[in-house]
1. With every protein chain left in place and a probe of 1.4 Å, what is the accessible surface of residue B:146, to the nearest 10 Å²?
2. Within a 10 angstrom radius of each residue's Cβ in B:326-334, how many Cβ atoms of other chains show up on average? Whole number is fine.
3. Computed on protein heavy atoms with a 1.4 Å probe, what is the summed buried accessible area for the chain pair A and B, in Å² to the nearest 100?
4. Å³ per residue of the Cα convex hull, for segment B:2-180?
5. Taking every DSSP beta bridge with both residues inside chain A, roughly what % is antiparallel (nearest 5)?
6. Quick one: what are the phi-derived ³J(HN,Hα) couplings along segment A:296-311, Karplus 6.51/-1.76/1.60 with θ = phi - 60°, whole Hz, x for glycine and proline?
7. Find how many whole Å separate the alpha carbon centroid of segment B:247-280 from the alpha carbon centroid of segment B:112-133.
8. Using a 10 Å cut-off on Cβ to Cβ distances, tally the other chain neighbours for every residue of A:312-323 and report the average as a whole number.
There are 2 protein chains.
Amino acid sequence: MKAEIISVGTELLLGQIVNTNAAFLGQRLAALGVDVYFTTTVGDNFDRIVDAVRQAAGRADIIVTSGGLGPTTDDLTKEAVCAAFNIPIVNDERVREKLNDYLGRRGFGNPEAVEGNAKQALVPKGSIVLENPCGTAPGLIIEMKTTGGPLVVMLPGPPRELEPLWYGGAEPYISGFLKSRHQEGAIYSRVLRAAGIGEPALEKRIEDLVKSSNPTVAPCAKGGEIHLRITAKAKSHEQALEMVQNMDDAVSSRLGQFIFGRDQETLEGVLGRVLEENGLCLAAAESCTAGMFCARIVNVPGSSKYFAGGVVSYSDDSKRDILGVPEPILREHGAVSAECAVAMAHGACERFKADIGVSITGIAGPDGGTPEKPVGTVFIGIFEKRGNSRSAAYRRWLPGSRSDIRERAAEEALILLRRWLLER
Amino acid sequence: MKAEIISVGTELLLGQIVNTNAAFLGQRLAALGVDVYFTTTVGDNFDRIVDAVRQAAGRADIIVTSGGLGPTTDDLTKEAVCAAFNIPIVNDERVREKLNDYLGRRGFGNPEAVEGNAKQALVPKGSIVLENPCGTAPGLIIEMKTTGGPLVVMLPGPPRELEPLWYGGAEPYISGFLKSRHQEGAIYSRVLRAAGIGEPALEKRIEDLVKSSNPTVAPCAKGGEIHLRITAKAKSHEQALEMVQNMDDAVSSRLGQFIFGRDQETLEGVLGRVLEENGLCLAAAESCTAGMFCARIVNVPGSSKYFAGGVVSYSDDSKRDILGVPEPILREHGAVSAECAVAMAHGACERFKADIGVSITGIAGPDGGTPEKPVGTVFIGIFEKRGNSRSAAYRRWLPGSRSDIRERAAEEALILLRRWLLER
């Protein structure tokens, strides 16, 4: 079974945005066992979109488009697909009602907005409408059963709309389509997530496993984490799953606790579980990261069970007044120091009556570096109130831009907190 | 003058890497005044690369390829281009010598490596070789003067090799090619960034301008912002710039203060400038966003001049104890309420001795919604200490996943704070 991806948008051709949707769709189609031989990007031009769709229809069984479904006059994908296959376009009352309801709830229910969005209620005749919980453009599926044409799946361009529509509607539909044609794939893939170890050191430990051809093991650095994708191809899903499980066991036995999770598991999710299981309450104090650590902790639904809150103490005054960092520490060691990091973690713990406090203070740049503490220098403090209390500070040098340094610092704090809890 | 980009690599089709080269090349070609109507991605397959090259040759004057120039057997771009145009492939002694020299300097001068790389010294007959300072695969240019075929530029896939070869060889060559055909021109493009208005309402205001064909005006929603890209084509850069400026003036006069910035300007950057100019100090109190608002403010280098810090008050206890939200407010109105939002903003202001406090409290889901306050309900509070002090709370319903809601809430707070400061 062959698929083609058509990405629609002049902004893609001009390079104003990078086409991450094509990578996402390519990955997901591969996971379904569908081959993708070509992807095409085309601008917001009716004739050229029609050309691209017709060409893909001559080569592929499935066409997935992204973009060009919005309310404006240069959104043309729906219209061009209908023209390519001679399908009439009709008004869908259900879609229109949902749209008006959505606009009303967002406070855009004025006649002007409702009229401006009317185009979005037009759908190809006989198409299946995928409701979009995150925007106004629905996804659309056309299965040309009688004409023998390809299955066409149209998705909106913004990734935050495309991805939920893919998982919630398009992928299940394509799976069913493949099954109905006895083409279901037996590719199974799992990602092991590792942290706290460098990529060369990690690869050294599994040198022989990385050479395996089925299942394959592909390491890939993502921020401070390393993702190891294990992919097996087999006749049945069960068989592929078993092959992946065996490789997972082999990799895990080599990498031990550096593996913190699998697939969608995140560092903050794993941490949350450990905190909750141990009945611990966490608080944070952040300087250069200014809330990024707290924001990651709260990514996890239900994090209020183990997270009290944090202080973004960007100024020295707030480190002293709110977190109680002693003036001599600020004066003698400075705000970016091991001493200040521990005092901040301690202060967060006290302020929020928490069991464990984590702090981050550093120099994110572009200015403010010194020979002793260059840009990228970050101190992470941990303070735990238990018996006589324990604390530690870790110094790191993190590379990259201002935002790279801040993101890596928040991630490093998660990694260090996990190690702290494991060694507890 | 039209160009097409062909990206070669199965890893691109599988989505294992994102195609940033296409965006880079699209940008650079646009800057030269060359139109790109299609880009194609094709895997490491000889026949399919030949097909893609032939198709592009039928539509474009310039073809730029990336990838598939390496030493291994699945690197096939050079061979496929030669096949598509019936050009013989020959050994280039100068390339071979340079290659051996490069391998030697990197410590790879052993016979095995030299032999393994021999394929890289093969070049299309009559082609221009662009020396690669960062790798082993040279760039190649074929100008088919006698046959009237397109100009073909082949570049290696790794961006750290492609980009220097582009700037150092390909772009100057293409510039000369355009000049020799009196086709030099300029495209100039600028993005106006708008916020606080829905896309249809915005488009209604500039309905006629959006129909302009040169310069073009293309609106595109990005999170809570709308980006309006104005692109002009003209004989000279100065002329294109003037056309863009005139359209900028026209659009700006219709949209007024909804336009907050241009090109790389961010909401937080613009806000920071206003705060600094007015000598104001900002503090924040965040519940559901848990630091995302503060983190955005601190994206701006030098934000310590106007930002004191914030409290992530995820628990009710911390709202009461640290921010001083009165117990009756929490009891009678709940933590997600206009009353609590104002009290939190007030508390942040007091705590950090700031002039303005901003607060965010809401229900990010997936649980916790009620019929009166469904998931996505967010209250944003602003409190300003000036004379008798002023405050306000804004209720919003924001769509999407937990993380969408939180990101949109932080963005909405930035938008509301900007409006507050403008109306001050």
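1. 140
2. 0
3. That pair hides around 5800 Å² of surface in total.
4. Per residue, the Cα convex hull of segment B:2-180 comes to 111 Å³.
5. Antiparallel bridges make up about 60 percent of those DSSP assigns within chain A.
6. Values, residue by residue: 5, 4, 7, 3, 7, x, x, 5, 4, 5, 9, 10, 8, x, x, 10 Hz.
7. For segment B:112-133 versus segment B:247-280, the Cα centre distance is 51 Å.
8. For this peptide, the per-residue mean of nearby foreign Cβ atoms is 6.
The values are calculated or read from the model by the stated rules, or taken from the named source; none is laboratory data. Fair warning: this is a prediction, and the values are worked out from it, not measured in the lab. Counting neighbours? That spans all protein chains shown, and the Cβs are built from the backbone with ideal geometry, glycine included. To get the accessible areas, we keep the full protein, side chains included, count just its heavy atoms, and leave off ligands, DNA and RNA. Shrake-Rupley method; radii C 1.70, N 1.55, O 1.52, S 1.80 Å.
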